[in-house]
Amino acid sequence: MKLLIVDDSQVVRSSIERAARTLGVDEVLTAADGETALSLFHTTWPEMVTMDITIPLLDGVECVKRIHQVSSRTPILVISALNNQQTAMKALENGASGFLTKPFTATEIEMALRDLIELAESMKK
Amino acid sequence: MHATDASKNQASGSLQVTATLEGLVLSRVSVSSQDIGFVLRGLFQNHPDLPGVIITLPDGAVSGLSKQEYFRQMARPFGPEVYNRRPIKLLLDHGVPTLSWMPGSTQVEAAAEEILRRSESRRYEPLLTNDRNGCPGIVDVHSILIALSQLSSIRARQMALILDTVPEGFLVIGSDRKILPGYSLSAAAMLGLFDLAGMTFDEALSNLDSKLADRVRSFVEILFNPALLDRLLEPANPVREFQARSAHGEPLHLAIRFKRVREQGCISQILVMIEDLTLRKRLENEATKLRDTAQMRFEVLTQLAGADPHHLPGFLDNFNALCQRLEKLEPGEDLNALRRRCHALKGEAGALGLSSFRTALHKAEDVIELDAPHRASMIGVLAELRAAAADLLTLARKLLSESSDPATASSSPSAVLSRFQALKKMLSLAVSEACNLTGKQARFELRGCFDMMSSRELGLLREVLQQLVRNAVVHGIETPAQRVAAGKPPEGTIIVAAREAGEFFEIITQDDGAGLDREALRNRAGESGEEISAEELIFIDGISTAQTLSELAGRGVGLGQIRESILIHGGTIAVHTQPGSYTAFQIVLPRTNQMHETADR
């Protein structure tokens, strides 16, 4: 399983990566801004993505939209500190598969990733 | 015939939801397999409504033949000639299809399902069954179907009754986004509507809040997308908890949850649960307000206890006078002059260390020249302070008279008076001992009505107060150097004061030290402490903010045990703190009656 983590915070990236590794994700790619995220997506084709909303160069909702346009079967988990329903809804309407608010606990991220992996696996079939 | 009995039974509507085949038996007419075929012909010709007969075999086994099957055999070439004059057994030997058997305890629904699985040509064949005594009987398919329809109408009535009476708001959104007819009456009532069926959920909500309804419409669309993750949709729920106004303008506090029903990879329905939190929220708000008032009063009390008693009454009188002026503000009043009075009084409050008053007056100064609504809220705050102060002014006066010279208090018998002095001596000793060991400086004051307490109360308080003043030196008062750096006098002050409040004594121990370090307490408490306030944590033994467990604080009993012994005496203890300025413990003890007291002596 290949996971792309997009977040401008090193701390958040590594905590998501740690959780993903414990769940058996063997390949993890990371990006700190929207443009890197998109080019990385197009070159590596990960099976799932976690996406921060407030990232430099290209915002998360836009990234979700573009990824969804080229690969609608890739599940995207939006992780954002913006705890407002409008942002969540906008991301979901643009093709995200789920929404998690920051800060999250270890259990929360683990549960969310588990759902994401399950979804990615069901998409492969 | 049994036939008529059984059908009457059904018509009377005595059917239970748990009805079984046994109760539907239509006929128990039986023949022996050794009877000749004419017997069957006679039965079926004379009783046209007989669905079939039971055939008993010589070994006691039972079989059954339907009327339809019998006539089918008779219609065959030479049928009557072959069977009429020979034993019925021959029919069975020739492999004529017999009735299928189902136990009498089979539920009506299960039987109906079984019937639907039959082939078209044999669908209406009656069933062979038995009652609980093993006695065979024949059930006709039509009576099963009639019972089934009766059952479903009973179920529907029960469901309707449930939906009409449950307090929960419950409804189902179908895949066409419309609300299905089976919703609870409470759901309609909460949304302020008579009929929800056929509406979309956002239409139903638009009655309460049209903007919210728009967001709900988008959310419902998202919910119907099967590719999205159930658990991770909740943060997007715009109506997880929200406030609105009912059609009658009453405030309403609702929480709405959605549950998706998946069928073959699609979202077929969404269950919606609406919870009315209005009453709970109102109670919560009232409790919070009550607690805030109590907290404020307490702060005022501790501030008063620390203030110079000779200047207090004068300040409170001036404060009262200002409040009265503000409440009865007349048009054309010189607001600027009032503002200057606020400012002057604020200075006085600061000098006396009355921070609640200082803060309130500071705000008052700011808004005094603004519009009426601003002033109204400010006057509200001042009025609360004033009410608190009025109660406490009495106490202040009492403290003033008692602290000036306790020996002249005429009402106190000398034996009890010596208790007051003994307590004072003991606590002063504890303070100075602790000071010597820690290199800190502290002044100790004992005030109030300890002379009115029984030996029982004093016995408890001796232990408790000794530990609290020691704690005050060790944990509360800073070193002289720290104090000077913080702009305080090098010598700290520890005050223990008591007052009577109806059937209770209230005892306060206050130091003007660094206050509780909430952060450090939380850290020590670890994750488990997140739910508990810092004020609660210090009463949990084993959680202490002291960097090193000092010999003194470690000696004696912990705060947890102190609280326990106070609780045993029917009292309470609470802590109040202001980082950088004070920590105060408030003990409330019920008074023991005087009879008890005399017996004690």
Original post:
Taking Cα centroids, how far is the range B:445-477 from the range B:91-128 in Å?
Top reply: 89
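Just the number, please: Stokes-Einstein D of the range B:313-375 in µm²/s, Kirkwood Rh from C-alpha pairs, 4 °C, 1.567 mPa s. Could the numbers behind the result be given before it?
On the way: Rh = 11.9 Å.
The diffusion coefficient I find is 109 µm²/s.
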Subject >> Distance between modelled label sites at B:Ala390 and B:His248, nm, 7 Å Cα→Cβ extension >> reply: 3.5
Original post:
Which value, in debye to the nearest 20, describes the size of the charge dipole of the range B:2-138 about its Cα centre when Lys and Arg Cβ atoms bear +1, Asp and Glu Cβ atoms bear -1, and nothing else is charged?
Top reply: 380
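Answer rounded, prolate or oblate for chain A, using the Cα gyration tensor with square roots of eigenvalues a ≥ b ≥ c: rounded when a/c is under 1.5, else prolate when a/b is larger than b/c, else oblate. Each step should come with its number before you reach the end.
Details: a/c = 1.21, a/b = 1.06, b/c = 1.15.
It comes out rounded by the Cα gyration axes.
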Subject >> Amide H within-cut-off set for B:Met199, under 5 Å, with H built and near neighbours excluded >> reply: B:Ile179
**OP:** Return the long-range amide H neighbours of A:Thr30 (sequence gap of 5 or more, or a different chain), with a cut-off of under 5 Å between placed amide H atoms.
**Re:** A:Ile5
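Filter B:Lys67/B:Lys89; B:Lys328/B:Lys363; A:Lys65/B:Lys211; B:Lys211/B:Lys281 down to the pairs with a C-alpha to C-alpha distance above 20 Å, please. Intermediate results must be reported in sequence, preceding the final value.
Details: B:Lys67/B:Lys89 16 Å; B:Lys328/B:Lys363 18 Å; A:Lys65/B:Lys211 25 Å; B:Lys211/B:Lys281 23 Å.
In this structure, A:Lys65/B:Lys211; B:Lys211/B:Lys281 lie more than 20 Å apart at Cα.
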Original post:
What does the charge count near B:Asp230 come to, summing +1 for each Lys or Arg and -1 for each Asp or Glu among other residues with Cβ under 10 Å from its Cβ?
Top reply: +2
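Quote the charge dipole size of the protein assembly as shown about the Cα centre in Debye, to the nearest 20; the model charges only the Cβ of Lys and Arg (+1) and of Asp and Glu (-1). Spell out each step's value before the answer.
Numbers: 77 positive and 91 negative charges, 230 e Å.
Value, rounded to 20: 1100 debye.
Tally Lys/Arg at +1 and Asp/Glu at -1 over every other residue whose Cβ is under 10 Å from the Cβ of B:Leu345; what's the total?
On the way: positive: B:Arg340, B:Arg341, B:Lys346, B:Arg358; negative: B:Glu348, B:Glu365.
Net charge around B:Leu345: +2.
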Original post:
For the protein assembly as shown, what is the convex hull (Cα atoms) projected area averaged across all directions, in square nanometres?
Top reply: 55.2
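Determine the gain in length on full extension of the stretch B:Arg85-B:Glu433; use 0.36 nm per residue of separation and subtract their C-alpha separation, reporting nm with one decimal. Provide the component values of the computation, followed by the final result.
Numbers: separation 348, 0.36 × 348 = 125.28 nm, distance 12.39 nm.
Additional length available on full extension: 112.9 nm.
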Original post:
Going out from 0 in 5 Å bins, what whole percent of all Cα-Cα distances in the range B:30-103 drops into each bin?
Top reply: 3, 16, 31, 29, 15, 5, 1, 0
Original post:
Under the Karplus relation 6.51 cos²θ - 1.76 cosθ + 1.60, θ = phi - 60°, what is the ordered set of whole-Hz ³J(HN,Hα) values for the range B:117-134, x standing for Gly and Pro?
Top reply: 7, 5, 6, 3, 5, 10, 4, 9, 5, x, 10, 9, 9, 9, 8, 5, 8, x
Subject >> Stretchable slack from B:Asp366 to B:Ile154, in nm (0.36 nm times residue separation minus alpha-carbon distance) >> reply: 69.3 nm
Subject >> Charge dipole magnitude, Cβ of K and R +1, D and E -1 - chain A, Cα centre, debye nearest 20 >> reply: 240
Original post:
Rounded to the nearest 0.05, what FRET efficiency do B:Asn318 and B:Arg443 have when you use their Cβ-Cβ distance and R0 = 25 Å?
Top reply: 0.35
**OP:** Report ³J(HN,Hα) in whole Hz for each residue of the range A:42-54, in order, from the Karplus equation J = 6.51 cos²θ - 1.76 cosθ + 1.60 where θ = phi - 60°; Gly and Pro get x.
**Re:** 5, 8, 10, 6, x, 7, 7, 9, 10, 10, 7, 8, 8
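For B:Ser105, what charge total do you get from the other residues with a beta carbon under 12 Å from its beta carbon, if Lys and Arg give +1 and Asp and Glu give -1? Provide the component values of the computation, followed by the final result.
Values: positive: B:Arg132; negative: B:Glu22, B:Asp131.
For residues surrounding B:Ser105, the net value is -1.
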Original post:
Hey, rough spin-label estimate for B:Arg291 and B:Val261, points 7 angstrom out along Cα→Cβ, what's it come to in nanometres?
Top reply: 4.1
Original post:
Looking at the P(r) of the range B:2-138, how many percent of alpha-carbon pairs lie beyond 19 Å?
Top reply: 52
Original post:
In nm, to one decimal, how far is the B:Thr572 label point from the A:Met123 one, both placed 7 Å along Cα→Cβ?
Top reply: 5.5
Subject >> Selected from B:Ile179, B:Pro235, B:Ala189, residue furthest toward positive end of dipole (the range B:166-276; charges at beta carbon) >> reply: B:Pro235
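On a full-extension model of 0.36 nm per residue, what is the gain between B:Glu491 and B:Arg462, subtracting their alpha-carbon distance, rounded to one decimal in nm? Working shown, then result.
Numbers: separation 29, 0.36 × 29 = 10.44 nm, distance 2.43 nm.
Residue separation times 0.36 nm, minus the Cα-Cα distance, leaves 8.0 nm.
Since every read-out is calculated from the coordinates, none of them should be taken as a lab result. Predicted model only: the values in this text are computed from it and were never measured. Every residue, glycine as well, gets a Cβ built from its backbone with ideal geometry; the counts of neighbours run over all protein chains shown.
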